[in-house]
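Encoded as structure tokens, the structure appears first; notes follow it.
The values are calculated or read from the model by the stated rules, or taken from the named source; none is laboratory data. What you are looking at is a predicted structure, and each value in this text was computed from that prediction instead of being measured. Here the Cβ is made from the backbone with ideal geometry for all residues, glycine too, and neighbour counts use every protein chain on show. Only protein heavy atoms, including side chains, enter the accessible area calculation; ligands, DNA and RNA are left aside. Shrake-Rupley method; radii C 1.70, N 1.55, O 1.52, S 1.80 Å.
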There are 2 protein chains.
Amino acid sequence: MTYCIGMRPKAGLVIISDTRTNAGIDNISTYNKLHILADDADRLIICASAGSLSVTQAMLSMLAEGLDPQSEDTSIRTVATMPTMFRVAQLVGEALANARRDIARTLHGTGINAEVSLLLGGRVGEGPLMLYLVYSEGNFIECQPDSPFAQIGELKYGKPILDRALQWDSTLNEAVKVGLLSFDSTMRSNLSVGLPFDLIVVPADRSEPIIRRRIMENDAYFTQLSADWGRLINESLQQITDPPFMTLD
Amino acid sequence: MTYCIGMRPKAGLVIISDTRTNAGIDNISTYNKLHILADDADRLIICASAGSLSVTQAMLSMLAEGLDPQSEDTSIRTVATMPTMFRVAQLVGEALANARRDIARTLHGTGINAEVSLLLGGRVGEGPLMLYLVYSEGNFIECQPDSPFAQIGELKYGKPILDRALQWDSTLNEAVKVGLLSFDSTMRSNLSVGLPFDLIVVPADRSEPIIRRRIMENDAYFTQLSADWGRLINESLQQITDPPFMTLD
């Protein structure tokens, strides 16, 4: 299993992904699920994946080689040549649908799952930062201010804290903290999600630096965050009024 | 879907269940899932159910009629005649397995699920308060101090708060608050879990009263609890140190 969060508050874009893959409980390894599809002066395109590793890798290879031209007069299509993030999302969706179709055919009847979902974020040229959730079938939805996050993989344990604490006007510091707390909740409940995490922060303000970091096991900040949160949750609980129906007068 | 929590801190037993059933998104009704199987001077036995309603009702009818005697010299077996909570759990498990087997046979090939899981709590005679999680197959596990709660139904959204804030030495007031917060997290994320909730609190101290309550929609305390918790979570987030890697010096 996997867990990845994409957050798109006004201040920028944050994507966090775990790195654990497993084929059964005794076959666990670390694998980078945060893929940089383009990174140059014109564009930054980041993709996080959950689901079948073979489909994901086939999709990434197709995107690297480029997809066939749409007519005889044009050249092969890559994320580097698409004029907008919307077109990038269409291209990535097309590659994913192709990869899934190819592999699902060989897996037919085996019961092995060829589903993949993606978080696709970034910007092209002078366009705004965008975040998409791409489904196995290649269709996608855009993350919007009312609910400025998207999740893929093992998402239920970590959703309540995002629902409660991430807003459109959250700062990037707040978004990173909420994201790490969401991972902390998930890790405690599901062994197939684990450290290290990969994190990328892209400020909407282009004068601010992009931050990339791998948060390793025993990371001092993450350990402290988890311990502090446990203490704060229990202190908060003490501040909640006791249920009036618990005392019979 | 359903969500039910059973909590068994040192101070007693708390069971909370929602009342929403659905057969598709447009066929939703209110149904009591918290069943009192026995309530007299000698014993109190409570059962909360998640899963197939027809299997649950068949099981309850079998328990009400009594299960066949184990030999010719004995009488039919009911929860009222079992000498301990362990024997009650065995009987309930047997009834559940029988009901499921009967109904699963008629459902074979339809794709309709006949799974049911139960929380079974209470006490018999001078015995201690017990809480069991009973599976569809009729086998069961006992809730123990290391992790003094059990959940059935749509359990992932509401698990992190229980992991963080419910301990063996939690008071009954704390347990009820944590349980209601767990429901609040679940309701926000899954429409198939909803008010009203049924709640029963059985203090370990027999001199204290048993509390039963249905928490209705627009309950003033629950509304306040949810709002206060949202505020406290956001205040707590401000108290967490900002990530050190977010500033490049």
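Here are a few things to note about the model shown:
- Farthest towards the positive end of the charge dipole of the protein assembly as shown, among the residues B:GLN90, B:PRO9, B:ASN173, is the Cα of B:GLN90, using unit charges on the Cβ of Lys, Arg, Asp and Glu.
- Label-reachable residues, the stretch B:129-159, where backbone N falls under 20 Å from a point 7 Å from B:LEU191's Cα toward its Cβ: B:154-158
- Solvent accessible area, Å² - A:THR2, 1.4 Å probe, full protein context: 10
- FRET efficiency, 1/(1 + (r/R0)^6) with R0 60 Å, evaluated for B:TRP168 and A:THR171 via beta carbons: 0.95
- Here the spin labels are modelled as points 7 Å beyond Cα on the Cα-Cβ line, and at B:ASN32 and A:ALA104 they lie 4.7 nm apart.
- A simple spin-label model places pseudo-atoms 7 Å from Cα toward Cβ; at A:ILE76 and B:GLU126 they are separated by 8.3 nm.
- Only the Cβ atoms of Lys and Arg (+1) and of Asp and Glu (-1) were treated as charged; on that basis the dipole of the stretch B:111-209 about its Cα centre amounts to roughly 280 debye.
- For the stretch B:143-249, the square roots a ≥ b ≥ c of the C-alpha gyration tensor eigenvalues yield an a/c of 1.5 or more together with a/b exceeding b/c, which makes the shape prolate.
- The stretch B:186-249 has equivalent-ellipsoid semi-axes of 37, 18, 11 Å, by the square roots of 5 times the alpha carbon gyration tensor eigenvalues, sorted largest first.
- The distance separating the Cα centre of the stretch B:101-179 from that of the stretch B:182-249 comes to 19 Å.
- Taking the Cα centre of the stretch A:3-241 as reference, the dipole from Cβ charges on Lys and Arg (+1) and Asp and Glu (-1) amounts to some 380 debye.
- Residue order for B:MET59, A:MET187 - accessible surface, 1.4 angstrom probe, largest first: A:MET187, B:MET59
- Interface residues of the stretch A:233-248, defined as those with an accessible-area decrease of at least 40 Å² between the chain by itself and the complete set of protein chains (probe 1.4 Å), are A:ILE233, A:ASN234, A:SER236, A:LEU237, A:ILE240, A:ASP242, A:PRO243, A:PHE245, A:MET246, A:LEU248.
- When the surface is traced with a 1.4 Å probe over the full set of protein chains, B:LEU155 keeps roughly 50 Å² accessible.
- Sorting the segments A:120-126, A:11-17, A:148-154, B:202-208 by their residues' average number of neighbouring beta-carbon atoms within 10 angstrom, most packed first, yields A:11-17, A:148-154, A:120-126, B:202-208.
- Accessible carbon and sulfur surface of the stretch A:3-241 relative to its total accessible area, %, 1.4 Å: 49
- Loop-located GluC sites (Glu not before Pro) in the stretch A:17-121 (DSSP state not H, G, I, E or B) with no more than 10 neighbouring Cβ atoms inside 10 Å: A:GLU72.
- In chain B, the beta carbon lying closest to the axis that superposes B onto A belongs to the residue given here with its whole-angstrom distance, B:LYS156, 2.
- Of the peptides A:76-84, B:42-50, A:165-173, the ranking by mean beta-carbon count within 10 Å, highest at the top, reads B:42-50, A:165-173, A:76-84.
- Environment charge of B:LEU133, counting only residues whose C-beta is closer than 13 Å and scoring Lys/Arg +1, Asp/Glu -1: -1
- Those aspartates and glutamates that a straight Cα-Cα span of less than 13 Å connects to A:LYS156, excepting residues fewer than 8 apart in one chain: A:ASP184, B:GLU154
- Of A:GLN224, A:LEU118, A:ALA50, farthest towards positive along the dipole that unit charges on Lys, Arg, Asp, Glu beta carbons give the stretch A:3-241: A:GLN224
- With a simple spin-label model that places each label point 7 Å from the Cα along the Cα-to-Cβ direction, the separation between A:THR241 and B:ASP242 comes to 3.6 nm.
- Using a 1.4 angstrom probe on protein heavy atoms only, the contact between B and A buries about 4800 square angstrom of accessible area, both sides summed.
- The charge dipole of the protein assembly as shown, taken about its Cα centre with unit charges on the Cβ atoms of Lys, Arg (+1), Asp and Glu (-1) only, comes to about 240 debye.
- Summarising the overall dimensions of the protein assembly as shown from its C-alpha atoms, the Rg and Dmax are 26.0, 91 angstrom.
- The stretch B:55-201: C-alpha gyration tensor shape, a/c 1.5 cut-off, then a/b vs b/c: oblate
- Each Lys or Arg adds one and each Asp or Glu takes one away; over the other residues whose Cβ falls under 12 Å from the Cβ of A:ILE240, this sums to -3.
- All-pairs alpha carbon distance profile, chain A, 5 Å steps from 0, percent: 1, 6, 13, 16, 18, 15, 12, 8, 5, 3, 2, 1, 1, 0, 0, 0, 0
- List of the stretch B:213-231 residues, accessible area with partners at least 30 Å² below that of the chain alone (1.4 Å probe): B:ARG213, B:TYR221, B:TRP229
- The alpha carbon centroids of the stretch B:37-98 and the stretch A:45-84 are separated by 60 Å.
- Label-zone membership for the stretch A:174-198, site A:ASN234, 7 angstrom Cα→C-beta point, backbone N under 14 Å: none
- Residue-averaged beta-carbon neighbours from other chains (10 angstrom radius) around B:149-156: 2
- Among A:ILE161, A:ILE112, A:ILE210, the largest mean-square fluctuation in a Gaussian network model of chain A, built with springs joining Cα atoms closer than 10 Å, belongs to A:ILE112.
- Of the residues B:LEU155, B:MET187, B:HIS108, the one whose Cα sits farthest towards the positive end of the charge dipole of the stretch B:3-241 is B:MET187 (charges of +1 on Lys and Arg Cβ, -1 on Asp and Glu Cβ, taken about the Cα centre).
- For chain A: accessible area per residue (Å², 1.4 Å): 45
- The calculated FRET efficiency for B:GLU65 paired with B:LYS10, based on their beta-carbon distance and R0 = 30 Å, is about 0.25.
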